[in-house]
Amino acid sequence: MTKEQPFIDVRHAQKKFGALEVLKDINLQVEKGQIVAIIGPSGSGKSTLLRAINDLDPLTSGEIWLEDKQVNKDLPHRQYEKHINTVRQEIGMVFQHFNLFPHLTVRQNITLAPKMLKDISDDEANQLVEEQLAKVGLSERIDFYPSQLSGGQKQRVAIARALAMKPKVMLFDEATSALDPELVEEVNLVMKSLAAEHMTMIIVTHEMTFAESVCDRVIFMDEGVVVEEGPPDVIFKNPQNERTKNFLRKHLNG
Amino acid sequence: MGLDFSVVPEYFDELLLGSLWTIAIMLASAVISFFGGILLAVIALYGPALVRYPFRAFSFVFMGTPLLLQLFLIYFGLIQIGIDLPAFVAGIIGLGLHFAVYNSDIIQAGIMAVDKGQHEGARTLGLSKLQTIRKIIVPQAVRTVIPPIGNNLVALLKDSALVSVIGVTELTLTSQLAISNTFRPFEFYVAAAVCYYVINLGLEYSLRRVESRIQVSR
């Protein structure tokens, strides 16, 4: 290769569920600091692609690379477990349904993984949790349980929890889809502040306006293939493909 | 011959001691049945087939045979193969294992009821499968099944009377000894029943406290 290796490199990704091919030879490169939105109708494979990046949904074939490391390396089971656990520490993920741990306080939710995996002291853990909560504007909720938070607050804690592992990239899987409309903005603001810090992000979203305002690149997927990709002003204002046009017509007016 | 409860207070110390033994046996076997139940549940759901099947067979045996027989086997039977346990130890082990099997069933259901997203949330942070089970899945599963486990604990308390037959001087045997001295079965069985009931009240009160304390963290 003449060019330097991309930060994230998805090569010929294919995913089958039985006879159903959900991802068909997807290639995707993301540069460091880039913010990429993946849009498309439901069932298009966008979430599956995102979840393949940290191997939550393993590919049938193809390769996922993060810098110089192959994420879905072919290793014997035990070695693979060790490998993937280390790799996942570098890939933060935020889910539609938050997946906070309900039996732990906000503080414990955020410090659990760093304490278990990074061997940090209690002082460092406290500093870490304060720092991350300040970032998402929830310092005063530190000793609350998830059940005592609103949906938007839960998602902000989930983002803080992912950030506490100091990941190299953040994956957002429809992070605001389960939220009441009035709570979407507070989560979007946190994501925008991450964007301002040049965090590398891949965002699966239904929110076209957000994608347009934050992302450097938009990828439109349908039926397991990347139909069209480009900068947001091109994709949203001047899409070339018929399928993209149809999709956007429904979503921008709705 | 009329009833005369005035003989009961004479045996107050003995009944108190018997009650304390009953409580001690209950607590010790409760600990075994709780942690044993978790262990059995995790092995039954996540263990490799090689250990999973023997453990399942073990569960069937403990569920499908009478507790009394198991106590006899552990206390009288094991001596033949050189394991000579004190009666109260045999009783605690028998009760503990028997109820561990019942708790395991409940905890398995609790584990399966934990949202799949919890597993994903933990694994994406880099936790291993075992760390996830230990820190995320099991604590949540146990919280959801505290009420049925509490019911088992009440049953365990009552079934602890069975260890009297292998000679543990807990509440039931204490009252029998008092009866053989005084020939007053009605009075002492009623007295023992009252003691069991009071212990049960204390147990249920503690269980309710635990349940309300974990309410917010579910």
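The values are calculated or read from the model by the stated rules, or taken from the named source; none is laboratory data. On a predicted model such as this, the values are computed, not experimentally measured, just so you know. Note: ideal-geometry Cβ built from the backbone for every residue, glycine included; neighbour counts use all protein chains shown. SASA here: full protein model, heavy atoms, side chains in, ligands and nucleic acids out. Shrake-Rupley method; radii C 1.70, N 1.55, O 1.52, S 1.80 Å.
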- Query: Rounded if a/c is under 1.5, else prolate if a/b is larger than b/c, else oblate: which is segment B:5-217, with a ≥ b ≥ c the root eigenvalues of its Cα gyration tensor?
  - Reply: oblate
- Query: What is the spin-label model distance, in nm, from A:Arg78 to A:Asp216 if the labels are put 7 Å beyond Cα along the C-beta direction?
  - Reply: 4.2 nm
- Message: Considering the Cα positions of the protein assembly as shown, please state its Rg to one decimal place and its Dmax as a whole number of Å.
- Response: 30.0, 108
- Task: Note down the nm distance, to one decimal, between modelled labels 7 Å out along Cα→Cβ at A:Glu124 and at A:Lys192.
- Result: 3.5 nm
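Can you compute the helix-only [θ] at 222 nm over chain B? Use -39500 (n - 2.57) per DSSP H run of at least 4 residues, normalise by all residues, nearest 500 deg cm²/dmol.
One gets -24500 deg cm²/dmol as the mean residue ellipticity at 222 nm.
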- Note on the structure: With Cα coordinates, the longest principal axis of chain A makes an angle with the long axis of helix A:106-118, in degrees rounded to 10, of 80 degrees
- Note on the structure: Using alpha carbon centers only, segment A:44-119 is separated from segment A:120-161 by a whole-angstrom value of 20 Å
- Task: Compute the distance in nm between two label points, each set 7 Å from the Cα along the Cα-to-Cβ direction, one at A:Gln14 and one at B:Ala57.
- Result: 4.4 nm
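For segment A:149-243, which GluC sites (Glu not before Pro) pass both filters: DSSP loop (anything but H, G, I, E, B) and at most 16 other C-beta atoms within 10 Å?
The qualifying sites are A:Glu197, A:Glu223.
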- Task: With the full set of protein chains in place, find how many percent of the accessible area of segment B:5-217 is carbon and sulfur; take the probe as 1.4 Å.
- Result: 70 percent
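If R₀ is 22 angstrom, what is the calculated FRET efficiency for the pair A:Ser150 and B:Ile214, using the beta carbon separation as r and rounding to 0.05?
0.50
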- Item | Value of [θ]222 nm, deg cm²/dmol, for chain A, DSSP H segments ≥ 4, -39500 (n - 2.57) each, nearest 500 | -12000 deg cm²/dmol
- Using r as the Cβ-Cβ distance of A:Glu185 and A:Lys32, and R0 as 22 Å, what FRET efficiency do you calculate, to the nearest 0.05? 0.20
- Item | FRET efficiency, B:Asp115 to A:Gln5 (Cβ-Cβ, R0 41 Å, nearest 0.05) | 0.65
- Å² of accessible area per residue within segment B:5-217, as computed with a 1.4 Å probe and no ligands counted: 50 Å²
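Ratio of chain A's C-alpha Rg to 2.2 N^0.38 Å, to two decimals?
1.02
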